[in-house]
Protein chains: 2
Amino acid sequence: MREAETGIHISLEVVCGKWKGLILWKLLHKDFVRFNELRRSIDGNISSRMLSRELTKLVEDGLVERLDHQQVPPRVEYKITTYGKTTAPFLNIMNQWGMKHKNLSVSKKEMADLMNSEAESNY
Amino acid sequence: MREAETGIHISLEVVCGKWKGLILWKLLHKDFVRFNELRRSIDGNISSRMLSRELTKLVEDGLVERLDHQQVPPRVEYKITTYGKTTAPFLNIMNQWGMKHKNLSVSKKEMADLMNSEAESNY
DNA sequence: CGGCATCCCGTCCGATACTG
DNA sequence: CAGTATCGGACGGGATGCCG
């Protein structure tokens, strides 16, 4: 716990990086997904190595549950925990924000300038 | 723009990393802050190098405005743009989430387990 | 005061290959 | 199918020092 942090820092530890957010996002909507199924469903072509690593962390942090049916060929399923589900609100908003400003990521400065010069929207 | 991304990825580009979120967070509540004033107000003892770097990026992306009063000694002020203000909703929620689960960051797995085993809260 | 330059390390992340 | 092993490049981020 150490010093007073803004909560934002805490949240970033959970969701930061290129993949964890996407993985949680998918698991929030899918419930019980197999490894490769999850892998294929994620945009951006994640490697099995990365998916494995990120899932391991998410399981360690209690956000995701791993279910290994002891089978050959292997059958492992992942499921978001109730704790993991608590991230839904801000993942939802992040997704909305991102979709809204998607076009900005093309030429950021210019479009942001344009937006700033327009009548202020109601935020 | 390239392929369809989940918005989450876009948002993460803006807020990810150790500092950008905190900086935006402070600027959302302060409006016109000088460099070192901002620096001191941020939890976690950010170095001037980092603050400078992150602010540069934020300015490039149109989220923050830089005002250099041409003075000696230097007087530079930073201000969040109207575009930058649109991040307020999810920064707020991220902060709330982080504050709520602050204790979890001590021993994550154990407390998450505990939480998961409790009656499901209403999310 | 508000930076930038340099060094240096750990982590992120992708590509490829391999295994039970 | 569900990973792990290995390599290597890119990036984040801390420490220190210097400058106008």
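The values are calculated or read from the model by the stated rules, or taken from the named source; none is laboratory data. In this text the structure is predicted, and so the values were computed from the model without any measurement. Cβ sites come from the backbone with ideal geometry, for glycine too, and all protein chains shown count toward neighbours. The accessibility values were calculated without ligands, DNA or RNA, using every heavy atom of the protein model including side chains. Shrake-Rupley method; radii C 1.70, N 1.55, O 1.52, S 1.80 Å.
Here the peptides B:70-76, B:16-22, B:37-43 are ranked by packing, the mean other Cβ count within 10 Å, and the order with the highest first is B:16-22, B:37-43, B:70-76. For segment A:28-106, chymotrypsin sites (Phe, Trp or Tyr not before Pro) meeting the loop criterion (DSSP other than H, G, I, E, B) and having at most 14 other Cβ atoms within 10 Å: A:Phe32. Across peptide B:75-86, the mean count of Cβ atoms from other chains lying within 10 Å of each residue's own Cβ comes to 3. Once the 1.4 Å probe is applied to the protein heavy atoms, segment B:3-121 comes out at 50 Å² accessible per residue. For the residues of A:20-31, the average number of beta carbons from a partner chain within 10 Å of their own beta carbon is 2.
Size descriptors for segment B:3-121 (Cα atoms only): Rg and Dmax, in that order, 17.4, 62 Å. Nearest 100 Å² is fine: what is the total accessible surface buried where chains B and A meet, probe 1.4 Å? Buried area (both sides, nearest 100 Å²): 5100 Å².
For a paramagnetic label modelled on A:Arg75 (point 7 Å from Cα along Cα→Cβ), amide N atoms under 12 Å away belong, within segment A:17-34, to A:34. Relative to the other identical copies, B:Thr56 shows label-point distances of 3.5 nm, where the label point lies 7 Å from Cα along the Cβ direction and values run shortest first. Extending 7 Å from Cα along the Cβ direction at A:Asn103 and again at B:Arg40 yields two label points whose distance is 4.3 nm. For the residues of B:55-62, the average number of beta carbons from a partner chain within 10 Å of their own beta carbon is 3.
Amide H to amide H, with H built 1.01 Å from N, A:Gly17 comes under 5 Å of B:Gly17, counting only residues 5 or more places away or on other chains.
Taking all Cα pairs closer than 8 Å and separated by 6 or more residues, the relative contact order of segment B:3-121 comes to 22 percent. Close amide-amide hydrogen proximity is noted between B:Val64 and B:Val59, B:Thr81, each under 5 Å apart and 5 or more residues distant or on a separate chain (H modeled in the peptide plane; Pro and chain starts excluded). Of the three principal axes defined by the Cα atoms of segment B:48-106, the extents in descending order read 47, 26, 15 Å. Of all accessible surface on segment A:1-102 at a 1.4 Å probe, what whole percent is carbon and sulfur? Reported share for carbon and sulfur atoms: 48 percent.
Solvent exposure of B:Val15, expressed as accessible area, is near 0 Å², computed with a probe of 1.4 Å over the protein chains only.
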